[in-house]
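Written out below as structure tokens is the structure these notes cover.
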Amino acid sequence: ACDRLLLGPLSVKQEDIIKEETLDFQENQKQPENSEKTFQCPEGEKCLFTNASLGKHSRIHTGEKPFTCSECGKCFKRKHSLTEHERIHTGEKPFACSECGKCFKTKGEFVRHESIHTGEKPFACSECGKCFRTTNDLTKHERIHTREKRIHTGEKPFACSECGKCFRTQDGLTVHKRIHTGEKPFTCSECGKCFKTKRNLTEHERIHTGEKPFACSECGKCFRTTSDLTVHERIHTGEKPFACSECEKCFRTTNDLTKHERFHTGEKPFACSECGKCFRTKVEFVRHERIHTGEKPFACSECGKGFRSRGELVKHVGIHTGEKPFACSECGKCFRSKSNLTAHERIHTGV
């Protein structure tokens, strides 16, 4: 459709489409201040300029959707909404930019795109004066001020009907509700795994692409997420912001703190379905399960022997390399593993 627009005259159908959508687009723009709204909605106080506009508006209250897509059966309240939708199936993009040739499905998308070339930003934030190309961009920006105000006031006006938890934004509540519904609307096209948020999907997709866009300014190591980078940076800064309320020992992550707290509580939430043995951490639990399954995923590149854990493999590799990194502070004798060193040290301590 785009090539036809650029290289030749419009077809009658295309002219009709553009005329219809241009009129509809103009209808949705702000009317002059001196225009009189004479048609009032019987359901509310809203007044409209034309009887046709009132008819379209009334469908909000009635829920009527008289325009049906012949391809997929989806219904719409307005004829132009159906026309725009049908282009998903046909791939038609009748609105072409005279500046760069890019084509668009709707008049609205086309007008928004044109402002990239003109530099026009007609929508200004009443709070800080910053200007934007679209009302959508302005609305997103205004939420920054709204969130900032609620941070200071502590206001959280959006409450979950399921558990009562409150949130500063509607978006925050929407994401939270998925905990209760189990909804995971964002699907990975590579492996089919689903996620509750777009952000979680984006972070997951980097596993497949190998992308690690967040680099440590101290050592250059790269990470998939900003949170992974933040945790890593604490190695350089020595920061351990999470303190145990029982013994005041500090940790770099909440996950490390949670695992530590189980030493005090005795909690072992990971139970083996095979033998019933319980474990404090998921890592210990997974390693234990391999006893039952016989799985040994860590193989020695030197001799091919398999091991249940990476730690066992590292100790084994020392046989080939001859490395003995654990030295006795009393006599200097070296050992391949920490456990061997500990056993040796008892000779000196008599324990």
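The values are calculated or read from the model by the stated rules, or taken from the named source; none is laboratory data. These figures come from a predicted structure and were not determined experimentally. FYI the Cβ positions are ideal-geometry reconstructions off the backbone, even for glycines, and counts take in every protein chain you see.
Residues in region 312-321: is at least one within 33 Å of the chain's Cα centre (by Cα), within 30 Å of T230 (Cβ to Cβ) and surrounded by 11 or more Cβ atoms within 10 Å (Cβ to Cβ)?
No; the residues of region 312-321 include none that is within 33 Å of the chain's Cα centre (by Cα), within 30 Å of T230 (Cβ to Cβ) and surrounded by 11 or more Cβ atoms within 10 Å (Cβ to Cβ).
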Task: Single unsatisfied condition, E92 versus (1) part of a loop (DSSP other than H, G, I, E, B); (2) under 28 Å from F67 (Cβ atoms); (3) in contact with a strand residue (DSSP E or B) (Cβ under 8 Å, 6 or more places away or on another chain); (4) not hydrophobic (A, V, I, L, M, F, W, C) - done: (3)
Task: Long-range neighbours under 6 Å by Cβ, at least six apart or interchain, first residue more than 17 Å from T293 (Cβ to Cβ) within region 306-329, second aliphatic (A, V, I, L, M) and surrounded by 16 or more Cβ atoms within 10 Å (Cβ to Cβ) - done: F326/L341
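Answer yes or no: is there a residue in region 209-218 that is hydroxyl-bearing (S, T, Y) and surrounded by 15 or more Cβ atoms within 10 Å (Cβ to Cβ). It would help to see each step written out before you state the result.
Kept after step one, since they are hydroxyl-bearing (S, T, Y), are these residues of region 209-218: 209, 217.
When the remaining residues are screened for being surrounded by 15 or more Cβ atoms within 10 Å (Cβ to Cβ), the result is none.
Checking region 209-218: not a single residue is hydroxyl-bearing (S, T, Y) and surrounded by 15 or more Cβ atoms within 10 Å (Cβ to Cβ).
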Task: Members of region 67-84 that are more than 26 Å from I116 (Cβ to Cβ), over 31 Å from the mean Cα position of the chain (by Cα), at pLDDT 85 or above and surrounded by 12 or more Cβ atoms within 10 Å (Cβ to Cβ) - done: F67, T68, C69, K79
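Any idea how many residues of region 108-123 are part of a helix (DSSP H, G or I) and within 30 Å of the chain's Cα centre (by Cα)?
Summing the residues that are part of a helix (DSSP H, G or I) and within 30 Å of the chain's Cα centre (by Cα) in region 108-123 gives 9.
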Task: Complete set of residues in region 124-156 that are surrounded by 13 or more Cβ atoms within 10 Å (Cβ to Cβ) and either assigned to a loop (DSSP other than H, G, I, E, B) or among the aromatic types (F, W, Y) (or both) - done: C125, E127, K130, F132, R133, T134, K156
Task: Lone unmet requirement of (1) under 30 Å from K65 (Cα atoms); (2) touching a helix residue (DSSP H, G or I) at 6+ places or on another chain (Cβ under 7 Å) for R168 - done: (1)
Open item on the list: Tell me yes or no: at least one residue of region 289-298 is surrounded by 13 or more Cβ atoms within 10 Å (Cβ to Cβ) and of a type in the set (V, I, T).
Closed with: yes
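Go through region 286-308 and give me each residue that's in contact with a Pro (Cβ under 9 Å, 6 or more places away or on another chain) and outside any loop (DSSP other than H, G, I, E, B).
Narrowing region 286-308 to residues in contact with a Pro (Cβ under 9 Å, 6 or more places away or on another chain): 290, 306-308.
Those that are in contact with a Pro (Cβ under 9 Å, 6 or more places away or on another chain) and outside any loop (DSSP other than H, G, I, E, B): R290, G306, F307.
So, in region 42-66, of the ones that are over 20 Å from K79 (Cβ atoms) and surrounded by 12 or more Cβ atoms within 10 Å (Cβ to Cβ), which residue ends up modelled with the lowest pLDDT? Walk me through how you get there before you give the answer.
The first filter runs over region 42-66 and keeps only residues over 20 Å from K79 (Cβ atoms), leaving 42-47.
Still in the list and also surrounded by 12 or more Cβ atoms within 10 Å (Cβ to Cβ): 46-47.
Details: K46: 72, C47: 76.
Of everything passing the filter in region 42-66, K46 is modelled with the lowest pLDDT.
With the structure loaded, tell me whether E183 is at pLDDT below 85 and either surrounded by 13 or more Cβ atoms within 10 Å (Cβ to Cβ) or farther than 30 Å from K121 by Cβ (or both) or whether it fails that test.
Details: at pLDDT below 85: no; either surrounded by 13 or more Cβ atoms within 10 Å (Cβ to Cβ) or farther than 30 Å from K121 by Cβ (or both): yes.
It is false that E183 is at pLDDT below 85 and either surrounded by 13 or more Cβ atoms within 10 Å (Cβ to Cβ) or farther than 30 Å from K121 by Cβ (or both).
Quick one: which of C163, C100 is closer than 29 Å to H176 by Cα, touching a helix residue (DSSP H, G or I) at 6+ places or on another chain (Cβ under 8 Å) and at pLDDT 85 or above?
Working: C100 fails: closer than 29 Å to H176 by Cα.
Exactly one of C163, C100 is closer than 29 Å to H176 by Cα, touching a helix residue (DSSP H, G or I) at 6+ places or on another chain (Cβ under 8 Å) and at pLDDT 85 or above, namely C163.
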- [ ] Out of the residues in region 85-100 that are closer than 25 Å to F132 by Cβ and in contact (Cβ under 8 Å) with a residue 40 or more places away in the chain, state the one that is surrounded by the most Cβ atoms within 10 Å (Cβ to Cβ).
- [x] F95
TODO: Find the residue count for region 170-185, including only residues that are in contact (Cβ under 8 Å) with a residue 12 or more places away in the chain and farther than 27 Å from T146 by Cα.
DONE: 2
